[in-house]
Amino acid sequence: MQNIRQITDDLYYVGASDRKLALFENVYPVPRGVSYNSYLLRDEKTVLFDTADSAVREQYFENVAAALDGRKLDYLVVNHMEPDHAALLADLLLRYPETTVVTTAKAAQMMEQFLGKQAARLQLVKEGDQLATGRHTLTFVMAPMVHWPEVMMTYDLTDKILFSADAFGTFGALNGNIFADEVNFDRDWLDDARRYYINIVGKYGVQVQNVLKKASALSINMICPLHGPIWRQDLAYFIGKHDTWSSYRPEEEGVLVIYGSIYGHTASAAEKMAAILASHGVKGIAMYDASHTDASQLVAECFRYSHIVLASSTYNAGIFTPIENLLHDLKAHSWQNRTVAIIENGTWAAQSGKAMRTILEEMKNITILGEDLSLKSAMKESQLQDLEFLANLIVANLTVSE
Ligand code: FEO
């Protein structure tokens, strides 16, 4: 059954959601599913914005046919060639062979890489080019490395709608409500939006800042991303979040404690640290066992908080694997501008503190507070004052503390 939704007088949502997928990009858990958004403009010419993932093929083509309502498809705008949006491109062109594909030169090259050939009818566009479709005029905004090099966004000059590709997207299937103002975004979606942005686009903060600058020069009534809800109200809220994330500023002044603990002794010290922080009035402390939390969530949380306590057992004369993986993941995502305190543990030769420092020092603007607290197998009463001292350093360093 077709499941199209009308967005404006002549714009339709034709995408679909997948709730069966376990791992997006075969790496990120998506317990709330994911949507593959696509939009059809029914002007004097018909224009489809991107296709979808092969997982939603049947629903997608039913939707496109329903939205076209017997008309031919004049244009397919390919804003992004990643297969979660372009997997159905070849199939679409078989069904609608008269369609002209409008995209960047780089995307056309990728089309050849993925499909073995470029579209028969191809119109290459550059920054600022325009496409008149009748009542609407579309213009193209290049967005290289947000998060692939071929990416562009399309701006509808007539209705002031930005088709933003992956930007402003989020994990999470759409639950009937396709607009962000129809859901409690802050409560139900923000964590997934952060996890999506940080893990998929987080490395490319500079490029996102460039696009945000371009977007600020446009008058935007609506943002139509390729994943998650459409934004038609309170755009500044979500744009502001992306500005924070892409400039590597902490979203919250607060403390995140992450530990990697083999038998529980390192965990015990981390718990004690959190309790001491709380006793000093620090609120909203977050704590995770790195062995039991998906890496994508840990990375997103590290982007969220200003101060991070890292506690790790020594393992193979280095860092316990989940914490070591996290640090490499953070480095790969250009994590920076944070304050860290370190707790290490080792039964015969504690090495994890030094090894954590080495990786942290390779990152930009990471401040490590004080000396590492070094445990030998388990924390002793005599070390409480050292833990207190480290906790006090964190409290003194927080700009918001009570
Ligand atoms: Fe949603 Fe970069 O693909």
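Here's the picture: a label point sits 7 Å out from the Cα of N26 along the beta-carbon direction, and within the range 285-303 the residues with their amide nitrogen under 19 Å of it are 295-296. Using a cut-off of 16 Å between alpha-carbon atoms, which lysines can reach K331, once sequence neighbours fewer than 8 places away in the same chain are excluded? Candidates past the 8-residue exclusion: K203, K364.
Modelled spin-label separation between T367 and T347, with each label point placed 7 Å from Cα along the Cα-to-Cβ direction: 3.8 nm.
In a DSSP loop and with at most 14 other Cβ atoms within 10 Å, the GluC sites (Glu not before Pro) in the range 295-398 are E362, E371. Taken about its Cα centre, the chain carries a charge dipole of about 460 debye when Lys and Arg each add +1 at the Cβ and Asp and Glu each add -1 at the Cβ.
If you take all other residues with their beta carbon under 14 Å from the beta carbon of R194, and give Lys and Arg +1 and Asp and Glu -1, the sum is -3. Rounded to the nearest 0.05, the FRET efficiency derived from the C-beta distance between F114 and D234 at R0 = 56 Å is 0.95.
Taking the chain as a Gaussian network, where each spring joins two C-alpha atoms under 10 Å apart, which residue of G70, G281, G370 fluctuates the most? Fluctuation is largest for G70. Remark: the range 201-274 carries a charge dipole of roughly 320 debye about the Cα centre, counting +1 on each Lys and Arg Cβ and -1 on each Asp and Glu Cβ. For A65 and D9, the FRET efficiency from 1/(1 + (r/R0)^6), where r spans their Cβ atoms and R0 equals 25 Å, is about 0.80. Hydrodynamic estimate: the Kirkwood radius of the chain over Cα pairs, inserted into Stokes-Einstein at 25 °C and 0.890 mPa s, corresponds to D of 108 µm²/s. Exposed loop sites were defined as trypsin sites (Lys or Arg not before Pro) in DSSP loop states (anything but H, G, I, E or B) carrying at most 15 other C-beta atoms within 10 Å; in the chain the longest segment without such a site runs 161-282. Among residues other than R357 with Cβ under 12 Å from its Cβ, the summed charge is -4 (Lys and Arg +1, Asp and Glu -1). Counting every pair of alpha carbons in the range 252-401, the share spaced more than 26 Å apart comes to 15 percent.
A simple count of charges around G176, restricted to other residues whose Cβ falls under 12 Å of its Cβ and scoring Lys, Arg +1 and Asp, Glu -1, yields 0. Highest mobility in the GNM of the chain, judged by mean-square fluctuation with C-alpha springs under 10 Å and restricted to H328, H147, H265, is found for H328. Taking chymotrypsin sites (Phe, Trp or Tyr not before Pro) in DSSP loop states with no more than 12 other Cβ atoms inside 10 Å as exposed sites, the chain has its longest site-free stretch at 1-262.
Where a number appears in this text, it was derived from the coordinates with a stated rule and is not lab data. Small disclaimer: the values here were computed from a predicted structure and weren't measured. Virtual Cβ from ideal backbone geometry, glycine too; neighbours counted across all protein chains shown.
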